[in-house]
Amino acid sequence: MTPSIPAELIERLSRAQRVVAMTGAGISAESGIPTFRDAQSGLWAQFKPEELASEAGFRAAPERVWQWYRWRYQQVRKTSPNPGHYALAQLQQRLPNFTLITQNVDGLHQAAGSTDVIELHGSIRRVRCLDNDCEEQEWPENSTGTPPKHSCGSLLRPAVVWFGEFLPEQALADAIEAVENCDLMFSIGTSSLVYPAAELPLVAQQNGAVVVEINPNPTPLSTRADYVLTGAAGVVLPELVKALPGPV
Ligand code: OAD
């Protein structure tokens, strides 16, 4: 079903000086990447986050964690952006000042053409060393078995944020600056359960922004959002772009 986009929202979007969109796993669901909290198919329904997504889990069983991320990285490399990712890349071109923040580590926004994406939870396409934070842009060629060591002597790990870790400082600072100063913020395909990301739409709203949620299911943000567009991101976002006035 095609959702109808309120005309008033389109008008507010066209008038906005600064727009922010924040995405979560739901935007990549239509590309075939499992979300985290879906009751049946979500990653956290099948795997224990404390064993696979924490420093303690990695130190206890580096090979298991490395191989799990390597498997996920290989899955992600086989996927492509979907109409939701492309619509956000188009919004960046159509709107004067548009910032994209993502909790996703899959790199599909960049693959769709979005630029300057703020990656709050890092990227599964990169690796870094466990002890010294040296980041490498590529996984090592031979990454089967135990994680290799970086030239600094420390084990390599995926460059994603694990439970109990701080978010990358610059990414978080850039995200906060963007939400504090926007007039309209989209929260797309996220369960709004993981902090500090979940707080960002509320910060935007406290600073006067209109908050729009796009999600097929209700979340804790739904009752606070100014508009809730119920549906899949890959359907709603292209509709939204189509509804914007001006040349397509
Ligand atoms: P979740 O798995 O918690 O939530 C996914 C959301 O996407 C749910 O609210 C779904 O209803 C929604 N959804 C599903 N299909 C959709 C579609 N086609 N279009 C739009 N929405 C759809 O994923 P996140 O909120 O991203 O952290 O999870 C946040 C963080 O928790 C992740 O970044 C990850 C995880 O632990 C780290 O890895 C640090």
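The values are calculated or read from the model by the stated rules, or taken from the named source; none is laboratory data. The model shown is predicted, which means the values in this text are computed figures rather than measured ones. Cβ placement follows ideal geometry from the backbone for every residue including glycine, while neighbour counts extend to all protein chains displayed.
What the table below lists for this structure:
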read-out: Selection count where residues are of a type in the set (Ser, Thr, Tyr) and in contact with a helix residue (DSSP H, G or I) (Cβ under 9 Å, 6 or more places away or on another chain), scope segment 223-243; value: 2
read-out: Matching entry among Asn132, Asn97 (being at pLDDT 95 or above and surrounded by fewer than 17 Cβ atoms within 10 Å (Cβ to Cβ)); value: Asn97
read-out: Among the residues listed as Thr115, Thr35, the single one being within 14 Å of Gly189 (Cβ to Cβ) and β-branched (Val, Ile, Thr); value: Thr35
read-out: Elements of type helices (runs of 4 or more DSSP H) contained in segment 1-101, each with 1 or more residues being acidic (Asp, Glu) and either more than 10 Å from the ligand (Cβ to nearest atom) or out of contact with any strand residue (DSSP E or B) (no Cβ under 7 Å at 6 or more places or on another chain) (or both); value: 7-15, 49-52, 55-60, 62-77
